[in-house]
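> Let me give you the structure first, and then I'll get to my questions.
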Amino acid sequence: MTGTVHVVGAGLAGLAAAVDLVRTGRRVALYEAGPQAGGRCRSYHDPELGCRIDNGNHLLLSGNRATLAYLDAIGAADRLTGPDQPRFPFLDLALGERWTLALSPGRWPGWIFDAASRLPGTGAWDYLRALGLAWAGADATVAECLAGHGEVYRRLWQPFAVAALNTETETASARLLWAVMRETFERGGLACRPLVPRVDLSESLIEPALIFLARNRCLVKMSARLRRIDATRDWVTGLDMGGSTQAIGEDDAVVLAVPAPVAASLVEGLIVPTQFRAIVNAHYRMAVPRERAGEAGILGLVGGVAEWIFVKREVVSVTVSAADRVVDRPAEELAPAIWREVARALDLDAKAMPPARIVKERRATFAATPEQLARRPGPATRWRNLVLAGDWTATGLPGTIEGAVRSGQTAARALAAA
Ligand SMILES: Cc1cc2nc3c(=O)[nH]c(=O)nc-3n(C[C@H](O)[C@H](O)[C@H](O)COP(=O)(O)OP(=O)(O)OC[C@H]3O[C@@H](n4cnc5c(N)ncnc54)[C@H](O)[C@@H]3O)c2cc1C
């Protein structure tokens, strides 16, 4: 195929596909239903706080190879920032204890044999037990494999699993957690350095891609929602954009990079994940010295509602993952409850809560349960000129930026091969 590739959905999956296709010399048109690109990974001006915020804090790791390659391609390799070493400060809100998880830089996990680097009250054997995940059955959950291993579970595996899979450990897939560990811990500490946007999500991951695409004569249309796909038995012939139909010729192709429920509504018979998990973010308008949350401005919390604190330029932002247990609580109740924990963690006045904004993403990612993983499709569809992309497709990774970018790159390669 040598014609135009029509990419539908300008989240990270669609953007990564468009960037890859443009780089191989394809003509590309990108359509986005919303007024702005980025999907679940975007920044916007919040009038109440009077500054720009991210829809949710996003943490990347230095081992996220596809994302780093994507940033390199769009000339934004310097737009993520993080510490030189894989160090994660933590606070136990229940016990008031602080510690820093300091991974060894190389592949040999020397840190688990060093009492000063591992968690207080744990021994090397507690960590080695996690290798059991490698033999987890397809239906096994993280809690079945790792719970009951005391402090190392409560203070490391549980927060790590919930952050990586956005699913409570009682139902989250042990195999998927092992896949994440192979991408991170197994590749050594230098693949586990935390990375965050230098300014905000859109400035790092979205706007440079749009500039790159515009420079490469990619047509980008916002507020363009795909309503229906016209097709023969095995070939897409048109995209009904509501009011106008984009004809798809014999040399053209389509990348459908929309969320799972939207894809299922457009492609009859497509099996997709149907369960999702929420993420709640609390943003407080306040400038705080970054070091209060460790050198990277990121502090992990256990024993409370808040799980991660991100100290940014103008706001302090908090993430609660797998947040279905709190997502229905009113913002007026959540904001002060989370603030009390932030104040304790950063040594601020608990009674002086700054202006706050609670952002609830009810369908932040698909539920990473064994049952839902079995519903993730590969890129190919019954239509030879339409491939799927999105963090919910069968990437082998959870619903993350890295998964979304890889899915877009896989879709682009599938078309190149065709
Ligand atoms: C609050 C929150 C916190 C997160 N934290 C992290 C984190 O710390 N680290 C991490 O790696 N990941 C994190 N994630 C996950 C990450 O954001 C997603 O995995 C990733 O953004 C998904 O990208 P995507 O392109 O697959 O999907 P989406 O971002 O959903 O993109 C799909 C796009 O398609 C568009 N669209 C929908 N219907 C149509 C239509 N009919 N026609 C045209 N366009 C359409 C949508 O508007 C959207 O822009 C987080 C997600 C959330 C919500």
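Taken together, the values in this text are just the output of simple stated rules run on the coordinates, not laboratory data. Note that the structure is predicted; figures quoted are calculated from it, not measured. Neighbour counts run over all protein chains shown; Cβ positions are idealised from the backbone, glycine included.
> Report, ordered by the first and then the second residue, all pairs with beta carbons closer than 6 Å, sequence separation of six or more or different chains, a first member in the range 364-380 that is in contact (Cβ under 8 Å) with a residue 12 or more places away in the chain, and a second member that is assigned to a helix (DSSP H, G or I) and among the aliphatic types (A, V, I, L, M).
These pairs meet every condition: 368/165; 368/176; 379/411; 379/414.
> Inside the range 206-247, can you point out the residues that are within 26 Å of residue 394 (Cα to Cα) and in a loop (DSSP other than H, G, I, E, B)?
225, 226, 227, 232, 233, 234, 235, listed by residue number.
> Would you mind telling me which numbered condition in (1) farther than 23 Å from residue 207 by Cα; (2) of a type outside the set (Ser, Thr, Tyr); (3) touching a residue at least 12 places away in the same chain (Cβ under 8 Å); (4) surrounded by fewer than 18 Cβ atoms within 10 Å (Cβ to Cβ) residue 88 fails?
The number of the failed condition is (4).
> Among the listed residues 231, 253, 257, identify the single one that is crowded, with 22+ Cβ neighbours inside 10 Å, in contact (Cβ under 8 Å) with a residue 60 or more places away in the chain and either away from the ligand (no atom under 14 Å from the Cβ) or among the aromatic types (Phe, Trp, Tyr) (or both).
253
> Okay, moving on. So which residues in the range 374-403 are touching a helix residue (DSSP H, G or I) at 6+ places or on another chain (Cβ under 7 Å), within 24 Å of residue 269 (Cβ to Cβ) and crowded, with 22+ Cβ neighbours inside 10 Å, if there are any at all?
379, 387, 388, 389, 390, 391, 392, 393, 395
> Going by the conditions given, is residue 323 buried (at least 23 other Cβ atoms within 10 Å of the Cβ), touching a residue at least 60 places away in the same chain (Cβ under 8 Å) and within 14 Å of the ligand (Cβ to nearest atom)? Don't jump to the end; show me each part of the working.
Working: buried (at least 23 other Cβ atoms within 10 Å of the Cβ): yes; touching a residue at least 60 places away in the same chain (Cβ under 8 Å): no; within 14 Å of the ligand (Cβ to nearest atom): yes.
In short, no.
> Every residue in the range 38-59 that is in contact with a Gly (Cβ under 8 Å, 6 or more places away or on another chain) and either charged (D, E, K, R) or surrounded by fewer than 18 Cβ atoms within 10 Å (Cβ to Cβ) (or both), please.
Result: 40, single match.
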